[in-house]
Amino acid sequence: MPAGDVVEAMLQRDCGGVRTALERAHREGAWLAAGPLDPGIRLRADDTLLRIGNAAGEAHPIIGEGMSMALQSSWLLCAELLAPAFDPRGATRQRALARRYAQAWRQAFAPRLRLAALFAHAAMRPVASALLMPLAARWPALLTHGARWGGKITPLAEAATLDSLPALAAMADADAALRRGSPVDAQRSLRNPP
């Protein structure tokens, strides 16, 4: 059997929650991908690429932060790119932006990666997991603390970044209008952002 089918069958057999959640669901087509976990930081301050998501770094899935980190890392990068002081001209300025982004990324996500690694290693050790499970059952507030330590309650998008999104959308609309050959529509988009 293909690996995706084996994993699905094992989850359905061994995990009542998965079985219940999927009892009325059906997969359309074959599994598209399944690959090895590769947690760690891949982002470097001297990168010439501005990486987000798993290209920048990956937490162990035990803390469920993959999509959140992907979205939040794009917010961090957009905040740098949309900063009023950012000037894309020149390699020196671009390298400075990459260094600032890498520093902000590490500050935001390195603690999550360390926490995820700690939880994953504890879960893979029978003695540690045998101690942790009753502890979590007895003090459920530990899960709330774990979520806080994992960064699940800390917003990365600042109000200034959110406020700049209509202007960004207006620029995208203006660019599309120019590509269609309509400078009047482009000007209208810039004067009346969404």
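So that you can scan it fast, the table gives a plain yes or no per residue for (1) of a type in the set (Gly, Ala, Ser); (2) part of a helix (DSSP H, G or I):
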| site | (1), (2) |
| --- | --- |
| GLU8 | no, yes |
| GLY17 | yes, yes |
| ALA25 | yes, no |
| GLU28 | no, no |
| ASP38 | no, no |
| ARG44 | no, no |
**Asked** So GLN72 fits all but one of (1) touching a residue at least 60 places away in the same chain (Cβ under 8 Å); (2) more than 30 Å from MET133 (Cβ to Cβ); (3) of a type in the set (S, T, N, Q); what number is the exception?
**Response** (2)
**Asked** Just to be sure, is GLN94 in the same structural domain as ALA147 (by TED's automatic domain parsing), out of contact with any Gly (no Cβ under 7 Å at 6 or more places or on another chain) and not β-branched (Val, Ile, Thr)?
**Response** yes
**Request:** Could you look through region 108-139, keep only residues that are among the aromatic types (Phe, Trp, Tyr) and under 30 Å from SER73 (Cα atoms), and pick out the one that is surrounded by the fewest Cβ atoms within 10 Å (Cβ to Cβ)?
**Result:** PHE119
**Request:** Considering every residue within region 26-35, establish whether at least one is of a type outside the set (D, E, K, R), at pLDDT 85 or above and touching a Leu at 6+ places or on another chain (Cβ under 6 Å).
**Result:** no
**Request:** With the checklist (1) within 30 Å of GLN94 (Cβ to Cβ); (2) among the β-branched types (Val, Ile, Thr); (3) assigned to a helix (DSSP H, G or I) in hand, flag the one item THR48 doesn't pass.
**Result:** (3)
**Asked** When you scan region 101-146, how many residues do you find that are of a type in the set (Gly, Ala, Ser) and either on the phi > 0 side of the Ramachandran plot or free of Cβ contacts under 8 Å to residues at least 60 places away in the same chain (or both)?
**Response** 10
**Prompt:** Which of (1) within 22 Å of the chain's Cα centre (by Cα); (2) at pLDDT below 70 does ALA186 not meet, given it meets every other one?
**Reply:** (1)
**Request:** Test TRP105 against the criterion of being surrounded by 16 or more Cβ atoms within 10 Å (Cβ to Cβ), in the same structural domain as LEU143 (by TED's automatic domain parsing) and touching a strand residue (DSSP E or B) at 6+ places or on another chain (Cβ under 9 Å), and give yes or no.
**Result:** yes
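The values are calculated or read from the model by the stated rules, or taken from the named source; none is laboratory data. All figures in this text were calculated on a predicted structure; none of them were measured in a lab. So basically every Cβ, Gly included, is an ideal-geometry build from the backbone, and we count neighbours across all protein chains shown.
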